[in-house]
Amino acid sequence: QIHLLFYQKVVIMQQFITGKVFNKNEGNYEQLLESAYYLGKIINGFEDYTTSENISINNWYSKEEIEKANQKYNSMIEKVGDSKIDLKIKEDIIFKKQLLQDLEEIIDFTEINKITHKVSHGDYSNLQFIYNKDNKIKAILDFIKVKKLPIVWEIARSYSYIDKEARNGKFNINNIVDYTKEVSKITELNKYDLKYLPYVYLIQLARSTFGYDEYFKDVKNKEELLNFAFYRTNICRNLYEQANEISNRLLEIRGD
């Protein structure tokens, strides 16, 4: 691996790795469990690693952060026009504002503050995998975002990216339970992790304006980013409907 400074930017050159890649939501059940296995191995591998990069659940879930998100959403609503796309954006924003309010009423802050934070990949998903000819993971790339974070967020997010049955944003409850169970075989998860896994992911997505914000700016790929925003809000809708059932099923892993 070679590091270069080119036009004031750091360029990292690595050995070329042959193999193939898959797009988001193209993984089968076996690849799902393989992804979970390596996530657990990565978390354990960083057990003694120290970093100043840190994302706490408090960075996402506090009255201040929720208020910031609401202010951004209110500002966007003022920009929305009468086109079909604009009305869809407005519908999504109103939903996410209500979701933030609902989460405040549902979540016990003293409990969710007890979830496990450990150093992990930071951007773990099948988009970082190179597969061999047998469709097994050959290499995992892009560790540039390594940081200490809520482990269940990385679990929920990486599941949502790989499972072909979740391509429409709807979690397959059996699959997310099996995915989490596979990770927990390698790195321990406490009862608060299992209880709040769907809610941690909801918190992060519900307060994110990414994609919508870019739509109102002069960026080249704003339509692609907006579609990604629609997709993530669809995750919010479906995950919120299933969150309680997922939480209860996950707690069965520990017998809690």
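Residues checked against (1) surrounded by 16 or more Cβ atoms within 10 Å (Cβ to Cβ); (2) among the acidic types (Asp, Glu); (3) more than 16 Å from the chain's Cα centre (by Cα):
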position: Tyr29; (1), (2), (3): no, no, yes
position: Leu32; (1), (2), (3): yes, no, no
position: Lys41; (1), (2), (3): no, no, yes
position: Asp48; (1), (2), (3): no, yes, yes
* **Scope the stretch 166-179; condition touching a Leu at 6+ places or on another chain (Cβ under 9 Å) and either on the phi < 0 side of the Ramachandran plot or modelled with pLDDT of 95 or more (or both); matching residues** => Lys170, Phe171, Asn175, Ile176, Val177, Asp178, Tyr179
* Structure fact -> Restricting the stretch 69-124 to residues that are of a type in the set (Lys, Arg) and in a helix (DSSP H, G or I), the one least open to solvent (accessible area, probe 1.4 Å) turns out to be Lys96
* Return only the number of the condition from (1) touching a residue at least 24 places away in the same chain (Cβ under 8 Å); (2) more than 29 Å from Ile12 (Cβ to Cβ) that Asn132 does not satisfy. => (2)
* Structure fact -> Subset of the stretch 79-89, residues charged (D, E, K, R) and either farther than 15 Å from Arg237 by Cβ or touching a Pro at 6+ places or on another chain (Cβ under 8 Å) (or both), comes to Lys79, Asp82, Lys84, Asp86
* Qualifying positions in the stretch 170-187 - open to solvent by 60 Å² or more (accessible area, probe 1.4 Å), in contact (Cβ under 8 Å) with a residue 60 or more places away in the chain and over 20 Å from Gln204 (Cβ atoms) -> Lys181, Lys185
* Would you point out the residue of the stretch 128-149, among those that are in contact with a Ser or Thr (Cβ under 7 Å, 6 or more places away or on another chain) and either of a type in the set (D, E, K, R) or in a strand (DSSP E or B) (or both), that is least open to solvent (accessible area, probe 1.4 Å)? => Leu149
* Could you pull out the residue among Arg207, Arg167 that is over 13 Å from the mean Cα position of the chain (by Cα), over 16 Å from Ala36 (Cα atoms), touching a residue at least 40 places away in the same chain (Cβ under 8 Å) and open to solvent by 40 Å² or more (accessible area, probe 1.4 Å)? => Arg167
* To do: Starting from residues that are of a type in the set (Phe, Trp, Tyr) and touching a residue at least 24 places away in the same chain (Cβ under 8 Å), keep the ones in the stretch 212-255 and report whichever is least open to solvent (accessible area, probe 1.4 Å).
  => Tyr212
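The values are calculated or read from the model by the stated rules, or taken from the named source; none is laboratory data. In this text, all values refer to a predicted model and were calculated from it rather than measured experimentally. Every residue, glycine as well, gets a Cβ built from its backbone with ideal geometry; the counts of neighbours run over all protein chains shown. Note: areas computed on protein heavy atoms with side chains; ligands, DNA, RNA excluded. Shrake-Rupley method; radii C 1.70, N 1.55, O 1.52, S 1.80 Å.
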